[in-house]
Amino acid sequence: MSDWRRWSVVHGLASWAYRLGVIAGYGVRGTVTGWRLDSVRWRGRRVYLLGWPTMKWECLLLRHHWPYWPEDRPVFMGLCGRCLPWPCCGSIEHDHVSGCSAESEHEE
């Protein structure tokens with residue numbers, strides 16, 4: 001009889017549960033015959049909740065704005081572009097607005 005912890009369906013379910021925030025994490029162990037689900041962590045900090053990183057939920061629920069993540073990554077230390085816009089031109093992107101005075105200073 002096959003060990004259910006080696007089934008790809010079980011690995012897929014563990015990954016899906018992690019991304020939804022149902023479990024805090026899971027561990028796999030490599031063996032001679034392949035990967036085996038080793039543990040499931042129910043307690044601990046969830047990195048994802050309903051498929052979104054918790055940093056995006058903080059923007060929505062704590063800072064009361066829709067998160068803006070250029071290229072799906074934080075601008076600085078977990079803050080989105082709307083939380084931390086450029087002070088000189090107000091851009092929420094990674095780069096300055098074209099024609100910004102701070103942009104021309106960095107080019108020289």
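Overview of results
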read-out	value
Sum of -39500 (n - 2.57) over DSSP H runs of 4+, divided by residues of the chain (222 nm, nearest 500)	-7500 deg cm²/dmol
Between helix 8-20 and the chain: long-axis angle, C-alpha atoms, 0 to 90°, nearest 10	40 degrees
Extended-chain gain in nm, criterion 0.36 nm per residue less alpha-carbon gap, residue 4 and residue 98	28.2 nm
Answer label, with volume of the Cα convex hull per residue in Å³ calculated from the coordinates and candidates [x] 104; [y] 149; [z] 199	[y]
Filtered chymotrypsin sites (Phe, Trp or Tyr not before Pro), segment 2-65: DSSP coil and at most 16 other beta carbons within 10 Å	7, 42
The chain, relative contact order [Cα under 8 Å, separation at least 6], %	15 percent
Placed amide H near residue 26: partners under 5 Å, 5+ positions off or other chain	41
Using a Förster distance of 25 Å, the FRET efficiency for residue 41-residue 68 (Cβ separation, nearest 0.05)	0.20
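Any read-out appearing in this document is the output of simple, stated calculations on the displayed coordinates, not a laboratory observation. Everything numeric in this text was worked out from a predicted model, so none of it was measured. Positions of Cβ are backbone-derived with ideal geometry, glycine not excepted, and every protein chain shown enters the neighbour counts.
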